[in-house]
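Have a look at the structure below, then the notes.
The values are calculated or read from the model by the stated rules, or taken from the named source; none is laboratory data. Note that this is a predicted model, so its numbers are computed, not measured. All Cβ positions, glycine included, derive from the backbone under ideal geometry; neighbour counts span all protein chains shown. These area figures cover heavy atoms from the full protein model, side chains too; ligands, DNA and RNA do not enter into them. Shrake-Rupley method; radii C 1.70, N 1.55, O 1.52, S 1.80 Å.
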Amino acid sequence: MAQIDPLADATVGDWLTIPEVAERLGLPVSRVKQLLRDRKLLAIQRPTGAFCVPAAFLDGDQVVRGLHGTLTLLLDCGFDDADALRWLFTADETLPGTPIQAIAQNRRTEVNRRAQALAF
């Protein structure tokens, strides 16, 4: 798990601690840690020292559908956790919005196409 700089930290907005994620998903903390190891979620060490997950990665009591595939593409392109998070939360006028907003709005095909293009 990587550490994020203060500017990117502010860009994300709302964060959840690992226990908060577990509570929202109705899972034990150990299961959330497994989701992190499996790269289905991403946690970053914030400037405060706490490891947290962006709240935008959750949709109610579930992980945003399609996030895992996009994370896999970004990490396969050589992004580290902090770079992947920055990319997901950087506004793109052509989407419009941010990639994570597009994924949450079921527009993940275009986001994944763009993530895949980063490898070439």
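Which whole-number percent gives the relative contact order of the chain, counting Cα pairs below 8 Å spaced six or more residues apart? Present the calculation step by step, with values, prior to reporting the outcome.
Working: 156 pairs, mean separation 30.8, N = 120.
Relative contact order for the chain comes out at 26 percent.
What whole number of Å gives the distance from the Cα centroid of the range 1-40 to the Cα centroid of the range 51-120?
A separation of 15 Å, based on Cα centres.
Measure off, as a whole percent, the carbon and sulfur share of the 1.4 Å-probe accessible area of the chain, all protein chains present. Before the final figure, lay out the partial values.
On the way: 3300 of 6440 Å².
Answer for the chain: carbon and sulfur cover 51 percent of the accessible area.
Which of GLY26, GLY97, GLY49 moves most in a GNM of the chain, Cα contacts under 10 Å?
GLY49
Using the charge dipole of the chain (Lys, Arg: +1 at Cβ; Asp, Glu: -1 at Cβ; taken about the Cα centre), state which of SER30, THR48, LEU58 has its Cα farthest towards the positive end.
SER30
Could you report the chain's accessible area per residue, 1.4 Å probe, as an integer in Å²?
54 Å²
What FRET efficiency do you get for ALA55 and ALA117 if R0 is 35 Å and r is their Cβ-Cβ distance, rounded to the nearest 0.05?
Working: r = 28 Å, r/R0 = 0.79.
So the FRET efficiency works out to roughly 0.80.
Given the convex hull over the Cα atoms of the chain, what projected area results after averaging over all orientations, in nm²? Before the final figure, lay out each step's value.
On the way: hull surface 27.2 nm².
Projected area, direction-averaged: 6.8 nm².
When the helix-only estimate is applied to the chain (DSSP H runs of n ≥ 4, each -39,500 (n - 2.57), divided by the residue count), what is the mean residue ellipticity at 222 nm, nearest 500 deg cm²/dmol? Working shown, then result.
Working: 7 runs with 58 residues, N = 120.
Computed ellipticity for the chain at 222 nm equals -13000 deg cm²/dmol.
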